[in-house]
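Structure first, then comments.
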Amino acid sequence: MSAMSVDLNLPEDRVGPRPRRKSKRVWVGGTAIGDGAPVSVQSMCTTLTHDVDATIRQIERLQEVGCEIARVAVPDKRAGEALKEIVRRSILPVVADIHFDYRLALMALDAKVHKLRLNPGNIHNKDGVREVVKRAKIQGTPIRIGVNHGSIGDRQPGDVRDEPQRMVDLALSEIKILEDLDFDDIVVSVKAFDVPTMVAAYRRLAKAVPYPLHLGVTEAGTLVAGSIRSTAGMSVLLYEGIGDTIRVSLSEDPVMEVTAGFDMLKSLGLRDQGLTLVACPSCGRADIDLIPLAKVAEERLRAMPTPMKVAVMGCEVNGPGEAKDADVGIAGGVGKGAIFRKGKVVGVYPEDQLMDALLAEIDKILVENGKEPYSQKAPKLTHEGQLTPGRSVPAGQRT
Ligand code: SF4
């Protein structure tokens, strides 16, 4: 492989992530991974794969929030048989996740899935492995080798390697099986629940192989704790230029995995996609009940296709100025609120019309930029009534 570029700048001299690590390019259907492609966001269906309708519905929901690759588990023949129809109907490239049984991998290749996730070392039938790899090569189907810390086996007596090294060595031995069969259309992951272990493993792997890396923190947990744990691990690596595709694993609706993934990438300046919501935390100066307003704004603007920074601020005095980076925003007042653009107030509306006024202003900005208006397509509120009336006494007049 080509030599890695050397970056001698100290981190504090530089604004933004390091240049991306150089890697091979792998195509998963129409989604590129590695070699300078935008870091892609993927997720895994929680449906039973043999329930094709439910799986396709979930893939469509994932696509609506920006997901770029969908993985499905293939635990048995019934799931394998469903793959053809899933691939035919799926709006996203489909990855088949397979363990142990090479015949399921062959079924997945018959179904023309866009990528396989399998560890050849786990498949005991070596002729079967050869057959799968030969077919994958002919069809141009990439393979992700996915080493998870939980499944690397117990440490043998006398083994002095640390845990990250045990994962990396296993990944390298899996890679070698594929390379020995003249196969290099490879993506690799070395996930762990423990963040320092995972960070060290990916750093070492990044130096050792030319392949694109799929980042993840395994079994990260529920929405808040899991998103934080995932971000704690992945953002360190992404900021160092390591990582080409990500999955945030959450014990949640997988749609949340995708939104968490994009929020992470947007925070690092690695992707620019749809809504970036700027919301103040609210404080004693707030003249409006900010938290429900921010939630309503997020829900209604989540499907916006054009990148836009939208602010929801709690008071008219400080709000527009504090959010002057935002393209457009709301600042709350008592019973009314201001709409502002780039920190400048452009209109004042009664509180119950604020959200509609914000949508109208967003439409205006989109049209000014030659884009389709959005408000008619905005998702309707699922928690109507959550928006409570503002505080009744202006902050300056409270006794
Ligand atoms: S914008 Fe106003 S309400 Fe929000 S945190 Fe700042 S001062 Fe407080």
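The values are calculated or read from the model by the stated rules, or taken from the named source; none is laboratory data. Note that this is a predicted model, so its numbers are computed, not measured. Cβ sites come from the backbone with ideal geometry, for glycine too, and all protein chains shown count toward neighbours.
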Single condition I365 does not satisfy, out of (1) part of a loop (DSSP other than H, G, I, E, B); (2) modelled with pLDDT of 85 or more
(1)
Could you tell me whether the range 247-265 includes any residue that is surrounded by fewer than 21 Cβ atoms within 10 Å (Cβ to Cβ), on the phi > 0 side of the Ramachandran plot and assigned to a loop (DSSP other than H, G, I, E, B)?
no
Of all residues in the range 299-316, how many are within 16 Å of the ligand (Cβ to nearest atom) and of a type in the set (D, E)?
1
Which one of these is crowded, with 16+ Cβ neighbours inside 10 Å, assigned to a loop (DSSP other than H, G, I, E, B), touching a strand residue (DSSP E or B) at 6+ places or on another chain (Cβ under 7 Å) and modelled with pLDDT of 95 or more: L116, L92?
L92
Answer yes or no: is there a residue in the range 62-69 that is assigned to a helix (DSSP H, G or I) and touching a helix residue (DSSP H, G or I) at 6+ places or on another chain (Cβ under 7 Å).
yes
Based on what the data block shows, is G321 without any contact (Cβ under 8 Å) to a residue 60 or more places away in the chain, assigned to a helix (DSSP H, G or I) and either surrounded by fewer than 19 Cβ atoms within 10 Å (Cβ to Cβ) or aromatic (F, W, Y) (or both)?
yes
What residue, among those in the range 30-46 that are part of a loop (DSSP other than H, G, I, E, B) and touching a residue at least 24 places away in the same chain (Cβ under 8 Å), is surrounded by the fewest Cβ atoms within 10 Å (Cβ to Cβ)?
G30
What number of residues within the range 276-294 are within 9 Å of the ligand (Cβ to nearest atom), under 24 Å from P307 (Cβ atoms), in contact with a strand residue (DSSP E or B) (Cβ under 6 Å, 6 or more places away or on another chain) and outside any strand (DSSP E or B)?
1
For the range 214-235, which positions are of a type in the set (A, V, I, L, M) and buried (at least 24 other Cβ atoms within 10 Å of the Cβ)?
L215, V217, A220, M234
Taking the condition of being over 27 Å from G66 (Cβ atoms) and buried (at least 20 other Cβ atoms within 10 Å of the Cβ), how many residues in the range 95-108 meet it?
5
Considering each residue of the range 187-216, count those that are within 19 Å of the chain's Cα centre (by Cα) and hydroxyl-bearing (S, T, Y), and give that number.
2
Which one of R155, R135, R144 is basic (K, R) and closer than 17 Å to V217 by Cα?
R144
Selection status of G333, closer than 17 Å to V348 by Cβ and either out of contact with any Gly (no Cβ under 7 Å at 6 or more places or on another chain) or within 14 Å of the ligand (Cβ to nearest atom) (or both)
yes
Verdict on T276 being crowded, with 21+ Cβ neighbours inside 10 Å and among the hydroxyl-bearing types (S, T, Y)
no
Residue, farthest from the ligand (Cβ to nearest atom), within the range 256-275, restricted to residues that are within 20 Å of G241 (Cα to Cα) and of a type in the set (S, T, N, Q):
Q273
